[in-house]
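Please read the structure below before turning to the comments.
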Amino acid sequence: MPRSADLPIPDPFDPVSLLELLGQANRVVMALDAAATITFINPAGAALLGYTPAELTGRNWFETCVPEDDREKARAVFEAAITGEDLPRRFESRVVTRSGEQVLFAWENTSTRDASGRLAATLGIGTDITERRRIERAHEWLTGLAEFTPDLVAAMQADGEILYLNRAGRELVGVRQDEPLKPYSFEQFHPSWAARVVVEEGIPWASEHGSWAGDTSFLRADGTEVPVSQVIVAHRDATGVLSYISTIARDTSAVTVAQRDVRRLNDELVETNRQLRTALEVEKGFLANMSHELRTPLNSIIGFTGIVRDGLAGPVNEEQHRQLDMVYHSSRRLLSLINDLLDLAKIESGRSAVEAREFELKSMIAPTVEALRPEADAKGIELTVHQPDERLILHQDCDKIEQILLNLIGNAIKYTNEGGVTVEVRVEGDDIIFEVEDTGIGIPPQHIPYLFNKFYQVWREDTAKPQGTGLGLSISLELAERLGGSLTAESDQGTRTRFTLCIPITFTAAS
Ligand code: ADP
């Protein structure tokens, strides 16, 4: 094998080898005579146009390869050159290939003239720039878009030199639209903390993974910070080397202000909530203490008033008896109000925990009903109980069920003047149901949804004003729910009312 030193060295100044070299290039190398006839075309160039050199040689250039609508103009330029004017050395023109496709060529020309100065021949080298122009157009289009977006768009070289900064970006960082970017470095457009994020986190991450997104900030010319949401993209060349970095950043100050407002409002809410909770604690504590303090002296007032009224401490006349009786009843009403308030305070402060224990159903119902029978008897109304015959041992908070029943049966007697009150007890699956039904004044339907609200009382023109506090039913409902059950009311106005208490229960024995 010959060593390279043995090969003939081509002479770069030999026109034949030069033409040969050009002929192999992916361009059109072509000579025309004064009549625009093709006298020479290289094979690669002819192939670009879809022909062989033999097919083109001898043919008129304008008629064969120039699109019809350009032909007249091109010919005029050529004709002017014949008589004296120089052909433009560089120009672009459209060329039509054999298949009819139009492509764009960039030409370099040189021409020779005869002794009389007339054009003798031209030699042209043409490069197909269709693809390059398409890319340039797309680039122009993208740059136009970047120029008009309100976001900052920029590109820089891997070494940090800024290549491009769009209109919005220049406005943001205070660089004039026509000012060269070379003296600037990207880091100086960021406050130091954000420059650190970009340099230490954003760019390394984008280089490794393609892109990075995060919150940073830019500096205005006056030094104020503009928070942005920024995307950094790393671009690599065909060999994989990082060639440049581009970025888009959107001003988020408006969003940040809104977020700050939400955060501030949230903080205020949390603080208001805390204050409310404290106020509520204080109120509950006050209520519980005061109720205790009031109950003790009130019990002795009731006790001693009863003794004096009934003549146990010496004789009283009829008027004294009547007045002492009023004191006695008012005190009892006051006591029941305080008891209700105490119950409510206990429930609301969470001090009324459920204490389940085993108990026998009948032995809970009997004393509850009997405690209220004197009141029913005094009004001349019936008080009837229907309950299962068998002995049922249940596991639940007996005291709370009893408290609810006392309130429901007490109300039924209170609001019934004729007829009676029926208490129906039955077991349904895992629940025990207590229905307290009366033949009393009833409850107008529009009041039913509010019955269980605290202090709610039904005021009616046709009956005496309600006696009580309006707390009993709300306490009963709270207790029922604590036990995992429910309490509902239904009524036919003027005829009857039925309250249904449903409590889940564990049966430990039955006989
Ligand atoms: P109160 O202490 O006023 O009885 P409750 O909370 O126990 O308070 O009852 C609220 C209101 O519901 C009562 O004021 C009364 O108007 C009405 N109500 C309760 N039970 C009955 C009933 N069985 N019949 C008619 N109205 C009733």
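Scanning the stretch 26-40 for residues that are at pLDDT 90 or above and within 13 Å of Ala121 (Cα to Cα) yields a count of 10. A count restricted to the stretch 209-248 and to residues that are small (Gly, Ala, Ser) and touching a residue at least 60 places away in the same chain (Cβ under 8 Å) stands at 2.
Scanning the stretch 429-444 for residues that are surrounded by fewer than 20 Cβ atoms within 10 Å (Cβ to Cβ), in contact (Cβ under 8 Å) with a residue 60 or more places away in the chain and away from the ligand (no atom under 13 Å from the Cβ) returns Asp430, Asp431, Ile433.
Would you be able to tell me the number of residues in the stretch 457-487 that are open to solvent by 30 Å² or more (accessible area, probe 1.4 Å), hydroxyl-bearing (Ser, Thr, Tyr) and modelled with pLDDT under 90? Residues that pass the stated criteria total 1. Name the single residue that is farthest from the ligand (Cβ to nearest atom) among those in the stretch 336-361 being open to solvent by 70 Å² or more (accessible area, probe 1.4 Å) and free of Cβ contacts under 8 Å to residues at least 60 places away in the same chain. Out of the qualifying residues, it is Arg357. Scanning the stretch 486-499 for residues being closer than 17 Å to Gly472 by Cα, near the ligand (Cβ under 10 Å from one of its atoms) and hydroxyl-bearing (Ser, Thr, Tyr) gives a total of 1.
Mind checking which residues of the stretch 116-148 are open to solvent by less than 60 Å² (accessible area, probe 1.4 Å) and either at positive phi or touching a residue at least 60 places away in the same chain (Cβ under 8 Å) (or both)? Steps first, please.
Taking the stretch 116-148 first, the residues open to solvent by less than 60 Å² (accessible area, probe 1.4 Å) are 117, 119-122, 124-127, 129-130, 133, 138, 143-144, 146-147.
Those that are open to solvent by less than 60 Å² (accessible area, probe 1.4 Å) and either at positive phi or touching a residue at least 60 places away in the same chain (Cβ under 8 Å) (or both): Gly117, Leu119, Ala120, Ala121, Thr122, Gly124, Ile125, Gly126, Thr127.
Of the strands (runs of 3 or more DSSP E) entirely within the stretch 394-511, those holding at least 2 residues that are under 45 Å from the mean Cα position of the chain (by Cα), over 24 Å from Glu355 (Cβ atoms) and not aromatic (Phe, Trp, Tyr) occupy 486-492.
Would you check if there is a residue in the stretch 416-425 being within 8 Å of the ligand (Cβ to nearest atom) and surrounded by 13 or more Cβ atoms within 10 Å (Cβ to Cβ)? Full working, then the answer.
So in the stretch 416-425, the residues within 8 Å of the ligand (Cβ to nearest atom) come out as 416.
Going one step further and asking which of them are surrounded by 13 or more Cβ atoms within 10 Å (Cβ to Cβ), we end up with 416.
Yes: one or more hits.
The residues listed here are Leu473, Leu483; of these, the one that is touching a residue at least 24 places away in the same chain (Cβ under 8 Å) and either small (Gly, Ala, Ser) or within 12 Å of the ligand (Cβ to nearest atom) (or both) is Leu473. Report whether or not Arg89 is among the basic types (Lys, Arg) and loosely packed, with under 15 Cβ neighbours inside 10 Å. In short, yes. The single condition among (1) polar (S, T, N, Q); (2) open to solvent by 50 Å² or more (accessible area, probe 1.4 Å); (3) within 6 Å of the ligand (Cβ to nearest atom) that Asn411 does not meet is (2). Please tell me if Lys454 is more than 8 Å from the ligand (Cβ to nearest atom) and under 23 Å from Ile338 (Cβ atoms). Considered against the rule, which asks whether it is more than 8 Å from the ligand (Cβ to nearest atom) and under 23 Å from Ile338 (Cβ atoms), Lys454 comes out as yes. With respect to the conditions (1) at pLDDT below 85; (2) under 22 Å from Glu187 (Cβ atoms); (3) not small (Gly, Ala, Ser), Thr256 lacks only one, and its number is (2).
The values are calculated or read from the model by the stated rules, or taken from the named source; none is laboratory data. What you see is a predicted model, and the numbers here were worked out from it, not measured in a lab. Methodologically, a virtual Cβ is constructed for each residue, glycine included, from the backbone with ideal geometry; neighbour enumeration extends over all protein chains shown. SASA here: full protein model, heavy atoms, side chains in, ligands and nucleic acids out. Shrake-Rupley method; radii C 1.70, N 1.55, O 1.52, S 1.80 Å.
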